[in-house]
Amino acid sequence: MVDQKIDNLLNLAMDAAPEERRKSENLNVGYDSAMRLWDVIVKYSGPESGLAGTGIQVVPLLGGYAVVTLPESEIDAYSDRVQVEFMEKPKRLYFELFQAKGTSCIRTVQTGRNGLTGKGILVGVVDSGVDYFHSDFRNADGSSRILRLWDQSIQGNPPQGYVTGTEYTKEEIDEALALGENQGRRLVPSMDYSGHGTSVLGIAAGNGRASDGVNQGVAYESDLLVVKMGVPRENAFPRTTELIQGIDYLVRQALAMGRPMVINLSFGNNYGSHRGDSLLETYIDMVSSMGRLAICTGTGNNGNQPLHDGGTLSQGQTRQVELSISSREPTLNVQLWKSYEDEMDIYIANPSGSRIGPLYEQLGPQRYRLGNTELLIYYGKPGPYHVTQEIYIDFLPVETYVDSGGWKIILSGKRVRGGEYYLWLPGGSTLNRGTGFYTPRAYGTLTIPSTSSRIITVGAYDSLINAYADFSGRGSRMLPCLKPDLAAPGVNIVAPIPGGGYSPVTGTSFAAPFVSGAAALLMQWGIINGNDPYLYGEKVKAYLRRGAQPLQGYEVYPNEEVGWGRLCLKSSLPD
């Protein structure tokens, strides 16, 4: 029997055959096939002791959330526990990767009468790590500005309350720095292999020492906290279970130190309703109200990608959503989200014209075959935390590849009230060129968790030409709140890279840390300098929105592309 306390994907994974799960790149995310263990995010109530059990590992998080690792055979019984309200399968996360401080009105705030530098504010990142040897993260005496570094990929000495990775203190990092690279890397072996985290942290808070101050970041005197996501596994993609623990760790550190903090997140994914109702998003909204905190993230880079479609269907009307699948595509999945009160017949047609449907509107998995492609479909119902309905479609090859060509998802309105429908393909450049919707829609291309209501959501623009960057994810009226909040420079940004140098980077990954650094300067002005002890949380967002300036090409604000406008810190700072 399908368990409605478990999210749709986990239900489908439990029912799928081993071969189906192997072919799907989505169903086994969160599963350790060697140990037959699942990582899941759990929302619970009552005492933490009610989550434990033989062979079950629990990491309690703030606010009644937890990351639980348990045998696959125990999932159904575990969800029956009265303390467990809902269980959510992990999702893959992707980098939001695809001359700016002056256009963001930051330099005058750093050098003017206020002289804001981020001093006294913590800047935390959950990312791919950091090159802690880079001069931009070291003080003038050579010591580290990093107070804590939790590398989730190095087993040995996890932080108290967590079970994976190793935590390094400032003292240990300083000792490694004093030993030099060869010996120091043995003492603190944490590395940033992609360079993404190093660049993000450098934009937000690098001090520019490696460039004699030329490439100085925004909050360049702030203290730093770093979480490197990742547990060794078959692929290198981090997961939402790692991200949520990283956020939890940073918030606990700030609370223990009694200090205000800005957290930067530059990862996202496409799986979910995009209405802010996943457990990751509701956790972020909850934890945002703890302590003196602001959390920033980018909108993702799907704005000009053919990964989203949607529209409005009237009663008695039929619409065809056309999907191109390129050759040599090993697998892909489509999510269709609609209002539960709208009844629609759904058909799927393959490139040869054969079709199935209407799909049965029954809770649980359905299986079909069209040509040399197997379709594994889950027709869901609303869950405890969302009112929308998901129909999830996994395209699995009978042999090696899914049938290429033009596919159609056909919707026919039976009993329609609102009629809106939304479809998403996976992000993160996981699909071959040529795979995508024929008539994609740019609106609604925000990645998760930028759809969280209390997070500060940042789009990207090209500061050299003062123009919106078309790759930047856009908001949608589907969201309960208007997103993004504002835009920041995200094209050809010179940022630190591992090894001690700098390189240009592009993407909303690198727009978000401009706003994170700006938030830190605002919080320094308010909290540290005593001008406004309550300048954190939603108040930071409000100040940033108020100071945002127009971007060419837009007359109406806020809007779905750049929100309230482009970042201008000087205008955000009260007189």
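The values are calculated or read from the model by the stated rules, or taken from the named source; none is laboratory data. Quick caveat, the model's predicted, so the values are computed rather than measured. Counting neighbours? That spans all protein chains shown, and the Cβs are built from the backbone with ideal geometry, glycine included.
Taking the conditions (1) closer than 18 Å to Thr198 by Cβ; (2) surrounded by 24 or more Cβ atoms within 10 Å (Cβ to Cβ) in turn, Ala519 satisfies each one other than (1).
There is at least one residue in segment 502-518 that is more than 20 Å from the chain's Cα centre (by Cα), closer than 27 Å to Ile448 by Cβ, outside any strand (DSSP E or B) and not basic (Lys, Arg).
Working carefully through the options Gly246, Gly217, find the one that is in contact with a strand residue (DSSP E or B) (Cβ under 9 Å, 6 or more places away or on another chain), modelled with pLDDT of 95 or more and under 18 Å from Leu61 (Cα atoms).
Gly246
Scanning segment 443-485 for residues that are part of a loop (DSSP other than H, G, I, E, B), of a type in the set (A, V, I, L, M) and either within 16 Å of Glu538 (Cβ to Cβ) or modelled with pLDDT of 95 or more (or both) yields Leu446, Ile455, Ala469, Leu482. Here Leu411 passes the criteria (1) aliphatic (A, V, I, L, M); (2) outside any strand (DSSP E or B); (3) out of contact with any Ser or Thr (no Cβ under 6 Å at 6 or more places or on another chain) except the one numbered (2).
For Glu390, are the conditions met, namely being within 21 Å of Pro426 (Cα to Cα), outside the structural domain of Asn270 (by TED's automatic domain parsing) and either touching a helix residue (DSSP H, G or I) at 6+ places or on another chain (Cβ under 6 Å) or not in a strand (DSSP E or B) (or both)? Walk me through how you get there before you give the answer.
On the way: within 21 Å of Pro426 (Cα to Cα): yes; outside the structural domain of Asn270 (by TED's automatic domain parsing): yes; either touching a helix residue (DSSP H, G or I) at 6+ places or on another chain (Cβ under 6 Å) or not in a strand (DSSP E or B) (or both): yes.
So Glu390 fits the description; yes.
Of the residues that sit in segment 324-344 and are out of contact with any Leu (no Cβ under 8 Å at 6 or more places or on another chain) and of a type outside the set (Gly, Ala, Ser), which one is nearest to Ala487 (Cα to Cα)? Among those that are out of contact with any Leu (no Cβ under 8 Å at 6 or more places or on another chain) and of a type outside the set (Gly, Ala, Ser), it is Lys338.
Residues that are crowded, with 24+ Cβ neighbours inside 10 Å and within 31 Å of the chain's Cα centre (by Cα): does segment 137-145 have at least one?
There is at least one residue in segment 137-145 that is crowded, with 24+ Cβ neighbours inside 10 Å and within 31 Å of the chain's Cα centre (by Cα).
Beta carbons closer than 8 Å, at least 6 apart along the sequence or on distinct chains, pair a first residue in segment 516-532 that is more than 18 Å from Ala548 (Cβ to Cβ) with a second that is β-branched (Val, Ile, Thr) for Gln524/Thr117; Gln524/Ile121; Ile527/Ile121; Ile528/Ile121. Condition first: assigned to a strand (DSSP E or B) and not hydroxyl-bearing (Ser, Thr, Tyr). Now tell me which residues in segment 273-301 satisfy that. If the condition is that a residue be assigned to a strand (DSSP E or B) and not hydroxyl-bearing (Ser, Thr, Tyr), then Leu293, Ala294, Ile295, Cys296, Gly298 are the ones that fit.
Leu336 meets each of the listed conditions (1) crowded, with 21+ Cβ neighbours inside 10 Å; (2) in the same structural domain as Phe395 (by TED's automatic domain parsing); (3) modelled with pLDDT under 95 apart from (3). The set of residues in segment 332-369 being in contact with a helix residue (DSSP H, G or I) (Cβ under 8 Å, 6 or more places away or on another chain) and on the phi > 0 side of the Ramachandran plot consists of Gly364 alone. Within segment 72-97, being of a type outside the set (Lys, Arg), more than 22 Å from Met286 (Cβ to Cβ), in contact with a helix residue (DSSP H, G or I) (Cβ under 9 Å, 6 or more places away or on another chain) and crowded, with 16+ Cβ neighbours inside 10 Å holds for Ile75, Tyr78, Phe95, Glu96, Leu97.
With respect to Glu341, determine if the residue is more than 24 Å from the chain's Cα centre (by Cα), within 30 Å of Glu85 (Cβ to Cβ) and assigned to a loop (DSSP other than H, G, I, E, B). Before the answer, list the steps.
Details: more than 24 Å from the chain's Cα centre (by Cα): yes; within 30 Å of Glu85 (Cβ to Cβ): yes; assigned to a loop (DSSP other than H, G, I, E, B): yes.
It is true that Glu341 is more than 24 Å from the chain's Cα centre (by Cα), within 30 Å of Glu85 (Cβ to Cβ) and assigned to a loop (DSSP other than H, G, I, E, B).
Only a single criterion out of (1) in a strand (DSSP E or B); (2) among the aliphatic types (A, V, I, L, M); (3) touching a Phe, Trp or Tyr at 6+ places or on another chain (Cβ under 7 Å); (4) farther than 15 Å from Leu279 by Cα is not satisfied by Leu12, namely (1).
Every residue, every condition in (1) out of contact with any Pro (no Cβ under 9 Å at 6 or more places or on another chain); (2) over 30 Å from Ser571 (Cβ atoms); (3) assigned to a loop (DSSP other than H, G, I, E, B), yes or no:
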position	(1), (2), (3)
Leu147	yes, yes, no
Trp150	no, yes, no
Leu177	yes, yes, no
Asp192	no, yes, yes
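Counting the residues of segment 489-516 that are surrounded by 24 or more Cβ atoms within 10 Å (Cβ to Cβ) and touching an Asp or Glu at 6+ places or on another chain (Cβ under 7 Å) gives 4. Could we say that Val200 is buried (at least 24 other Cβ atoms within 10 Å of the Cβ), assigned by TED's automatic domain parsing to the domain that holds Leu479, out of contact with any Gly (no Cβ under 8 Å at 6 or more places or on another chain) and outside any loop (DSSP other than H, G, I, E, B) here? Here the answer is yes, as Val200 does meet what is asked.
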